[in-house]
1. Taking the residues in region 9-54 that are surrounded by fewer than 21 Cβ atoms within 10 Å (Cβ to Cβ) and not in a loop (DSSP other than H, G, I, E, B) as candidates, determine which candidate is nearest to ligand 2 (Cβ to nearest atom).
2. Assuming D197 fulfils every condition listed in (1) of a type in the set (D, E); (2) touching a helix residue (DSSP H, G or I) at 6+ places or on another chain (Cβ under 8 Å); (3) modelled with pLDDT under 90 apart from one, which condition is it?
3. Of L64, L60, which residue is under 30 Å from A144 (Cα atoms), buried (at least 18 other Cβ atoms within 10 Å of the Cβ) and either among the small types (G, A, S) or away from ligand 1 (no atom under 13 Å from the Cβ) (or both)?
4. Within region 57-73, which residues are in a loop (DSSP other than H, G, I, E, B), within 20 Å of N97 (Cβ to Cβ) and modelled with pLDDT of 95 or more?
5. State all residues of region 180-194 that are surrounded by 15 or more Cβ atoms within 10 Å (Cβ to Cβ), over 16 Å from the mean Cα position of the chain (by Cα) and closer than 20 Å to A227 by Cβ; if no residue qualifies, say none.
6. Kindly list the number of the only condition in (1) over 17 Å from the mean Cα position of the chain (by Cα); (2) within 10 Å of ligand 2 (Cβ to nearest atom) that fails for Y71.
7. When you scan region 103-122, how many residues do you find that are closer than 17 Å to G13 by Cβ and surrounded by 22 or more Cβ atoms within 10 Å (Cβ to Cβ)?
8. Go through I76, I6 for me and flag whichever is within 16 Å of ligand 2 (Cβ to nearest atom), touching a strand residue (DSSP E or B) at 6+ places or on another chain (Cβ under 8 Å) and modelled with pLDDT of 95 or more.
Amino acid sequence: MYPRVIGVISGKGGVGKTTTVLNLSAALNEMNKNVVAIDADVKMSGLALQLGMYYFPVTLNDVLKDIEDLYRAVYIHSSGLRVIPASICLEDCNISNLKKILNHTSMQNNMIIVDGPPGLEKNALSVMESCKRILVVTEPELPAITDVMKIVNLCREREVKLIGVVINKYRKGREQITKEEIESTLQVPIIGVIPEDKNVKKSVFRKKPIVLAKPYSPASVAYKKIAARLVGEKYEEENIIKRLVGRF
Ligand SMILES: Nc1ncnc2c1ncn2[C@@H]1O[C@H](COP(=O)(O)OP(=O)(O)O)[C@@H](O)[C@H]1O
Ligand SMILES: [Mg+2]
């Protein structure tokens, strides 16, 4: 059985957590996995905005505070992906009872991908402990890797399963740590390497995850491979004719 709930966290901000959540969710949704993406980075929320969803009167914050029912905070993107956004107000929100949402009866048949906050603050720990299975996103740079090391240790202490590390914004030829060096330093599996890809930013303008906006770009293929790996399926390379037709 593959994990039903996956938390996505990182040592520092800006490494690509939200991008990873959106693209893995969209890729898994395309594989008919019935996905809900939750924005639990309540301080720097922006998951729904990146999908062009700007109007959400009910948010995760309201459900956590028992002000609203969960179903009212679920919004559907044009791709069919369901999203629970966080409030865009800078309110202080404690997500220690996120588990209540993850285990809600209406969520039992869904795969849930949670966009967590960076760092090792209280809310990041809540995401780790509520999700029980996590992916850590990092850039291939020494300071970022050092932060991941701290997360790895915390996972071990708290019996949280670290499914793997996603190395994002990888650039060939740049002076950076290699995948093998990161793997041997952290002693955890690298589940995928996402290249730096200019189409990622372009897709934000198009309000679509890159796996939907440019399905054959290098980052999309890398995300689709991780998605397949997460659910124990084989990623099928689409043939060249389909790929060319897809361009038009
Ligand atoms: N693989 C990539 N290639 C190029 N740009 C990327 C890639 N992944 C993320 N980005 C860009 O990096 C910035 C930070 O990404 P984001 O997902 O918001 O990070 P986080 O959620 O960890 O703060 C965004 O502008 C995003 O478009
Ligand atoms: Mg983010």
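The values are calculated or read from the model by the stated rules, or taken from the named source; none is laboratory data. Computed from a prediction, not measured in an experiment: that's the story for all the values here. Cβ placement follows ideal geometry from the backbone for every residue including glycine, while neighbour counts extend to all protein chains displayed.
1. Q50
2. The failed condition is (3).
3. Selected residue: L60, the only one of L64, L60 that is under 30 Å from A144 (Cα atoms), buried (at least 18 other Cβ atoms within 10 Å of the Cβ) and either among the small types (G, A, S) or away from ligand 1 (no atom under 13 Å from the Cβ) (or both).
4. Across region 57-73, the qualifying residues are V58, T59, D69.
5. Across region 180-194, the qualifying residue is only V188.
6. (2)
7. Initially, region 103-122 is screened for residues closer than 17 Å to G13 by Cβ, giving 114-122.
After this cut, where a residue has to be surrounded by 22 or more Cβ atoms within 10 Å (Cβ to Cβ) as well, the list is 114-117.
The qualifying residues number 4.
8. Working: I76 fails: within 16 Å of ligand 2 (Cβ to nearest atom).
I6 is the lone residue from the list that is within 16 Å of ligand 2 (Cβ to nearest atom), touching a strand residue (DSSP E or B) at 6+ places or on another chain (Cβ under 8 Å) and modelled with pLDDT of 95 or more.
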